[in-house]
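What follows is one structure encoded as structure tokens, with my remarks underneath.
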Amino acid sequence: MIEIQNLTKSFDDLLVWEDVSFSIDDNETVAVIGRSGCGKSVLLKHINALLTPDSGKVIIDGKDLFSLDYVDQRKLRQEFGILFQGSALFDSINTFENVAFPLRYFTDRSEAEIRERVMHCLEYVNLQDASDKETSELSGGMRKRVGLARAIVLEPKYIMYDEPTSGLDPQTADEINGLIMSMAQGLNITSVVITHDMHSVLKVADKVAFLDKHKLSWFGTVDEMRRTDHKGLLEFVTASEYQL
Ligand SMILES: Nc1ncnc2c1ncn2[C@@H]1O[C@H](COP(=O)(O)OP(=O)(O)OP(=O)(O)O)[C@@H](O)[C@H]1O
């Protein structure tokens with residue numbers, strides 16, 4: 001379980017958001033939505049301890065993330081897979097090595113064990129035949145899938161998705177939504193999905209956190225969102241040309 005408690009963050013005199021609190025239960029998928037620049041990525045980076053807050057806490061499975069020492073924070077980070085915006089693959093190595101990277105960095109598994117795990121993850125995203133391909137040879141959708149295979153390679157309990165469907169055509173975006181759902185359900189993964197894509201929200205999310213006007217403006221289930229009369233949320237949804 002991830003508990004975000006009274007989190008406030010500024011960069012110099014720019015307030016990103018203040019007093020943000022919500023919880024993500026085990027096996028739940030929470031979508032974080034809001035206008036460009038409202039601080040979605042900054043929030044994700046706090047859950048991964050890539051940024052520290054001005055005040056407030058992130059509690060993960062009972063552990064206060066920002067009170068942990070470096071070794072314990074590193075251990076906790078291994079429970080997190082991240083699909084970065086743009087996939088963030090290394091250009092100079094092939095698909096296999098991109099997926100193998102966390103195993104080589106965080107574990108001392110043998111070459112045979114690494115091969116078995118990497119190929120299993122590539123099969124999961126249906127890229128078992130692309131293991132030798134260079135990053136430059138991959139389409140946008142394939143890059144996302146390699147990023148997903150890398151995100152699950154350490155068998156994480158949590159996956160953070162930063163704009164997983166951005167830049168993809170609707171059909172490929174739907175394939176990625178399908179994979180996000182299958183990871184949540186098949187691998188019991190707890191997920192946080194940052195997105196502008198309301199189709200994706202309605203498909204993959206159990207709950208929605210709406211950031212607006214420097215605060216958590218609305219938080220609830222997808223069913224509650226469908227019935228909401230929250231003006232800011234309705235405006236955001238309407239602007240994305242989606243009917244609830
Ligand atoms: N390291 C940083 N230093 C200074 N300002 C930052 C830093 N990271 C983010 N910001 C600022 O914080 C605000 C929130 O940024 P963030 O990237 O979280 O927005 P976002 O909601 O994810 O936007 P988008 O939907 O466009 O990706 C922005 O004004 C951004 O310029």
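For the ranges 122-132, 150-160, 22-32, what's the packing order if you count other beta-carbon atoms within 10 Å of each residue, average per peptide, and put the highest first?
Descending mean neighbour count gives 150-160, 22-32, 122-132.
Within a Cβ distance under 12 Å of Met181, other residues only, what is the Lys/Arg minus Asp/Glu net charge? Display every interim value, and only then the final one.
Working: positive: Lys203; negative: Asp174, Glu175, Asp206.
Once all neighbours under 12 Å are counted, the net charge is -2.
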* Structure fact -> Honestly the chain on the Cα gyration tensor test (a ≥ b ≥ c root eigenvalues; a/c under 1.5 rounded, otherwise a/b vs b/c for prolate or oblate) is just oblate
* Scan around Val193 for amide H atoms under 5 Å from its own, H built in the peptide plane at 1.01 Å from N, and keep only partners 5 or more places away or cross-chain. => Val30, Ala31, Val32, Tyr161
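Can you tell me the FRET efficiency between Arg226 and Glu111 if r is taken as the Cβ-Cβ distance and R0 is 45 Å, rounded to the nearest 0.05?
Numbers: r = 50 Å, r/R0 = 1.11.
Efficiency, from the Cβ-Cβ distance: 0.35.
What is the calculated FRET efficiency for Lys215 to Ala88, with r their C-beta to C-beta distance and R₀ = 30 Å, to the nearest 0.05? If you can, show how the numbers build up before the last one.
Numbers: r = 29 Å, r/R0 = 0.97.
About 0.55, to the nearest 0.05.
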* Near-label residues of the range 141-162 by backbone N, under 13 Å of a point 7 Å along Cα→Cβ of Glu123 -> none
* **Reduced Cα scattering model of the range 62-193, Debye log10 I(q)/I(0), q = 0.15, 0.16, 0.20, 0.21 Å⁻¹** => -0.70, -0.79, -1.20, -1.30
* Structure fact -> Of the accessible area of the range 93-156, computed with a 1.4 Å probe and all protein chains kept, carbon and sulfur make up a percent value of 44
* Asked: Quick one: accessible area per residue over the chain, 1.4 Å probe, rounded to a whole number of Å²?
  -> 48
* Structure fact -> Per the helix-only model, the chain has a calculated mean residue ellipticity at 222 nm (DSSP H runs of ≥4, -39500 (n - 2.57) each, divided over all residues, rounded to the nearest 500) of -11500 deg cm²/dmol
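When you count, for each residue, the other Cβ atoms within 10 Å and take the mean per peptide, how do 195-208, 48-61 rank with the highest first? Kindly include the intermediate steps, with their values, before the conclusion.
Values: 195-208: 20.6, 48-61: 15.8.
Order by mean packing, descending: 195-208, 48-61.
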* Structure fact -> Straight-line reach check, Lys207, cutoff 24 Å on alpha carbons, 8 or more apart in-chain or any other chain, hits among lysines -> Lys9, Lys40, Lys45, Lys57, Lys63, Lys144, Lys157, Lys215, Lys231
* Asked: Which part of the range 146-168 falls in the paramagnetic zone of Leu187, meaning amide N under 13 Å from the point 7 Å along Cα-to-beta-carbon?
  -> 146-161
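The values are calculated or read from the model by the stated rules, or taken from the named source; none is laboratory data. Given the structure is predicted, the values throughout are model-derived calculations rather than measurements. Using ideal geometry, Cβ is built from the backbone for each residue, glycine included, and neighbour counts are taken over all protein chains shown. Protein only, heavy atoms only, side chains kept; ligands, DNA and RNA dropped before computing areas. Shrake-Rupley method; radii C 1.70, N 1.55, O 1.52, S 1.80 Å.
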